[in-house]
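Notes follow once the structure below has been shown.
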Amino acid sequence: MNSRTSDIQTAKETTRHSRTLRPGVLVLWALLALIAFCGFVALGTWQVHRLHWKHDLIARVTQRIHAPAVPAPGRSQWAGINEHDDAYRRVMLHGVFLNQDETFVQATTALGPGFWVLTPLRRDDGSYVLVNRGFVSPAHRDPATRGALAPQGEVTVTGLLRVTEPGGAFLRKNNSANDRWFSRDVQAIADKLGLSPIAPYFVDQQASAGASAVNPMQPPSVWPVPGLTVVHFRDSHLSYAITWYILALMVAAASFYVVRIELRQRRRRADHQAGRKP
């Protein structure tokens with residue numbers, strides 16, 4: 001009986017000391033761990049580069065917003081307009097509003113849901129620029145309900161240059177035929193209105209100097225309300241980079257742990273087979 005018990009115990013010890021990964025499995029596991037580690041490090045490094053790019057973008061936009069207004073780009077400069085070099089530049093332009101051709105683009109602001117009022121402005125050279133004159137609530141879409149007449153004759157507009165927004169919004173496509181707009185798609189709106197030539201940008205009109213801040217609890221008496229452009233850039237790249245690097249460290253730590261256990265098991269197995277007590 002004692003001999004049988006000893007044999008069973010010896011078999012259990014042999015089984016316990018032989019629990020090691022097969023070479024093929026070990027190589028495959030190491031390869032997957034290496035790929036995961038390199039991938040996480042690459043993603044973290046990419047987010048660091050994005051972080052520097054985003055901070056540079058924020059600095060550029062901040063400088064443009066507070067810089068003195070410059071003349072809006074003319075027809076000879078339209079081909080070079082792009083997001084990187086021109087977005088949010090403070091500009092001014094002269095011309096006459098075509099108030100009968102207002103276009104309403106759905107929007108949500110601090111004043112709630114409503115519409116941006118995009119009005120074509122005809123410049124002295126015969127070209128057109130869409131001007132976002134501001135926000136109106138659904139109750140003030142009709143010009144007769146806005147508390148003031150639309151600008152007449154020659155006007156000077158100061159605002160932020162914005163690059164066209166083609167197509168529509170997320171999961172909502174512009175419908176030109178039904179005059180339903182979810183983004184400020186300059187060319188599509190110009191085609192709908194028959195305006196040509198049209199600048200490849202629009203201008204968010206700024207509030208006049210000394211205008212009081214918008215108070216959602218106290219609706220304005222005059223519509224549309226300009227100066228509601230929100231300049232905000234999501235900046236989560238640092239947290240993303242840290243997350244990817246932590247995942248890379250976790251893979252490295254797990255790999256170290258597995259290798260350590262594997263070496264220990266192999267050493268115990270070798271000692272057992274040599275007849276030495278581990």
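What residues from the range 124-154 fall in the zone where the backbone N is under 15 Å from a label point 7 Å along the Cα-to-C-beta line of Arg75?
The answer is 124-129, whose backbone nitrogens lie closer than 15 Å to the label point.
Only one of the values (1) 1, 6, 12, 14, 15, 13, 11, 9, 7, 6, 4, 2, 1, 0, 0; (2) 1, 5, 9, 11, 11, 10, 8, 5, 5, 4, 4, 4, 4, 4, 3, 3, 3, 3, 2, 1, 1, 0, 0; (3) 1, 6, 13, 17, 19, 16, 12, 8, 5, 3, 1, 0 was calculated from this structure for P(r) over Cα pairs in 5 Å bins from 0, in percent; name its label.
The value computed from this structure is option (2).
Taking Cα atoms, how many degrees apart are the long axis of helix 2-17 and the longest axis of the chain, rounded to 10 and kept between 0 and 90?
Taking Cα atoms only, the helix is inclined about 30 degrees.
Looking only at Cα atoms, what is the convex hull volume of the range 64-175 per residue, in Å³?
Here the figure is 144 Å³ per residue.
Mind checking the angle between helix 23-66 and the chain's longest principal axis? C-alpha axes, 0 to 90 degrees, to the nearest 10.
Taking the Cα atoms of the chain, the angle to 23-66 is about 20 degrees.
To the nearest 20 debye, what charge dipole does the chain have about its Cα centre, counting +1 at the Cβ of each Lys and Arg and -1 at the Cβ of each Asp and Glu?
2340 debye
When the convex hull of the Cα atoms of the range 13-137 is projected onto a plane and the area is averaged over all directions, what value comes out in nm²?
That works out to 16.2 nm².
Of Gly74, Leu263, Ala274, which is farthest on the positive side of the dipole of the chain, counting Cα position, with +1 on Lys and Arg Cβ, -1 on Asp and Glu Cβ, and the Cα centre as origin?
Ala274
Nearest 10 degrees, 0 to 90: what angle lies between the long axis of helix 237-273 and the longest principal axis of the chain (Cα atoms)?
Taking the Cα atoms of the chain, the angle to 237-273 is about 10 degrees.
To one decimal place, what Kirkwood hydrodynamic radius in Å is obtained for the range 98-137 from all pairs of distinct Cα atoms?
With all distinct Cα pairs of the range 98-137 included, I get 10.8 Å.
Express in nm, to one decimal, how much length is gained between Asp124 and Ala139 on full extension, taking 0.36 nm for each residue of separation and deducting their alpha carbon distance.
Using 0.36 nm per residue and subtracting the Cα-Cα distance, I get 2.0 nm.
Over the chain, what relative contact order in percent results from Cα pairs under 8 Å that are six or more residues apart?
Here the relative contact order equals 24 percent.
Given R₀ = 45 Å, what would the calculated FRET efficiency be for Lys173 paired with Ala209, taking r from the Cβ atoms and rounding to 0.05?
0.70
Given charges of +1 on the Cβ of Lys and Arg and -1 on the Cβ of Asp and Glu, with all other atoms neutral, how large is the dipole of the range 49-166 about its Cα centre, in debye to the nearest 20?
That gives the range 49-166 a dipole magnitude of about 320 debye.
A short reminder: the numbers here are calculations on the coordinates, not readings from a lab. Worth saying up front: this structure is predicted, and the values here are computed from it rather than measured. Virtual Cβ from ideal backbone geometry, glycine too; neighbours counted across all protein chains shown.
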